[in-house]
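The values are calculated or read from the model by the stated rules, or taken from the named source; none is laboratory data. Since we're looking at a predicted model, the values are computed, not measured. Using ideal geometry, Cβ is built from the backbone for each residue, glycine included, and neighbour counts are taken over all protein chains shown. We work out accessible area using only protein heavy atoms, side chains counted, and drop any ligands, DNA or RNA first. Shrake-Rupley method; radii C 1.70, N 1.55, O 1.52, S 1.80 Å.
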Amino acid sequence: MSTIVVDGGFATGRRLHPWPVRIMHWTNAVAMIVMIGSGWGIYDDSVIFHGLHFPPSLRIGSWAAESLLWHFAAMWLLALNGLAYLTYGVATGRLRERLLPIRFADIVATVRDTLRLKIAHDDLTVYNAVQKVLYIVAILAGVSQIVSGLAVWKPVQFSGLTALLGGFQGARLIHFLGMAVIVGFLIVHVALSLLVPRTLWAMLAGGPRLRAPRAGRRP
Amino acid sequence: MISSFRPAKRPDPAILDAHRGVIRALERRLVRRGLLRGGLSLGALSLLTGCDLSDDSAVGRALRAMSSFNDGAQAALFDPNRLAPEYPASMVLKPPIFNAYYNVEDVKPLDGDRWRLEVAGLVTDKRAWTRQQIAALPERAMIIRHICVEGWDYVGQWSGVPLRAFLERVGADLRAKYVAFRTADDYPSSIDMATALHPQTLLATKYAGQTLADPFGYPLRLRTSTKLGFKNPKWITAIEITNVYPGGYWESRGFNWQSGI
């Protein structure tokens with residue numbers, strides 16, 4: 001947090017969430033929901049965990065063929081948008097500056113709090129630490145889904161990758177668990193944004209304008 | 001490091017005070033019900049995108065267009081020289097798993113002596129083949145993983161004439177786009193020529209060293225290591241080489257045609 005210069009700057013006009021971030025966020029939201037709902041339809045055709053299946057009302061696609069069509073259409077949106085997001089985040093420095101650094105003690109504390117579902121805090125800076133960890137987990141889970149998805153989709157063309165993930169069924173299990181992580185993130189993420197609607201509005205309208213730091217005040 | 005992404009003015013922590021009661025109540029509810037109950041809201045969201053995929057709907061057309069695009073993407077990904085992993089004989093499942101669009105009790109066994117394999121389309125030699133003539137062709141065995149589009153899999157040992165050897169024998173136009181199959185159980189199917197020429201694509205006549213049993217396609221079926229299970233028609237009665245897209249049983253019902261793995 002010491003990298004922020006709170007006062008003494010001049011308005012640059014740049015928003016908290018620049019327009020590329022907002023477009024990519026909502027594109028990702030649509031792609032993720034389609035991937036999850038259609039993935040549930042595909043999963044139900046041959047379940048991994050006996051007794052665990054998703055009700056038809058939660059699936060996208062009225063049967064497996066439709067779910068597969070949705071899944072393999074939305075995968076391009078998810079992968080290309082995700083690639084654009086990571087490229088943008090690295091090129092502009094946004095990812096590093098928003099998500100790093102995280103001290104080990106912070107990780108331990110935030111994971112403990114998250115496991116206790118202690119998602120609201122008196123101190124907003126601690127709340128932001130939870131967000132940091134969750135966003136990093138969500139990004140890594142998204143990357144993992146692309147990789148394990150390739151291993152499930154092309155276990156012959158990418159046979160080395162599939163073997164690395166424990167074979168076809170191993171890759172399938174990892175793909176399922178990655179989904180579970182993302183759905184878990186989504187529940188917390190949506191709940192918090194609804195509880196603090198200003199964050200939701202910021203992702204739509206851009207949020208508060210930022211101020212450029214005054215020269216010579218590097219932390 | 002100076003960031004232009006951080007807000008100059010931090011959010012006022014007091015914003016939470018107004019919602020404190022709601023936040024605490026939600027925490028208690030989440031703890032009491034467990035996280036899974038929260039999945040219902042996601043489901044409600046996904047319902048908004050649920051569409052009726054009738055043939056003439058815009059959504060249906062868009063999805064089928066994407067499926068065609070994926071056919072091309074998979075053809076580009078396909079490496080004709082890459083062999084699927086093979087496995088030790090100890091892993092072979094006996095008997096294999098039966099799967100079709102009907103139950104195993106409804107299998108209609110073929111008479112191997114009366115059976116003929118017809119050859120049609122872009123070939124120089126259209127004579128029909130008997131079982132004995134097929135058996136006289138060079139044979140290859142492979143122990144490969146069968147992967148079903150549904151998600152299950154098993155390892156099986158298949159033997160038969162490589163489709164490439166058969167196509168060369170009948171003088172097929174190897175630059176044609178498609179190899180199509182007709183079967184005794186009304187299960188039309190087709191594959192791309194690149195897959196047909198792959199060394200692990202066989203016209204299989206044996207499983208685990210024994211003549212194919214009736215439920216698994218006796219006397220002749222396709223077995224390719226680079227496609228999903230449903231792309232392997234059983235009880236083949238005719239092969240046609242063509243440049244006209246032949247489709248297939250499940251493909252006409254919405255499954256992806258290429259379905260390469």
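Give me the inter-chain shielding for B:142-151: mean count of other chain Cβ atoms within 10 Å, whole number please. Don't skip to the answer; put the middle values down first.
Details: counts 0, 0, 1, 6, 0, 6, 2, 6, 7, 12.
For this peptide, the per-residue mean of nearby foreign Cβ atoms is 4.
Shielding of A:63-74 by partners, i.e. mean partner chain Cβ atoms within 10 Å per residue?
6
Please compute the contact order of region B:114-198 in relative form: average sequence separation of alpha-carbon pairs under 8 Å and at least six residues apart, divided by the residue count, as a percent.
With pairs under 8 Å counted, the relative contact order is 23 percent.
Looking only at other chains, what is the average number of their beta-carbon atoms within 10 angstrom of each beta-carbon in A:146-154?
Average per residue, whole number: 2.
Tell me the total accessible area that A and B bury against each other, 1.4 angstrom probe, in square angstrom rounded to 100.
6300
With contacts defined as alpha carbon pairs under 8 Å and 6 or more residues apart, what's the relative contact order of region B:89-253 in percent?
27
Could you tell me, in Å, what Rg and Dmax come out for the Cα atoms of region B:89-253?
Gyration radius and largest Cα-Cα distance of region B:89-253: 14.7, 42 Å.
Give me the net charge of A:Ser46's neighbourhood, meaning all other residues with Cβ under 13 Å from the Cβ of A:Ser46; Lys, Arg count +1, Asp, Glu -1.
Summing Lys/Arg as +1 and Asp/Glu as -1 gives -3.
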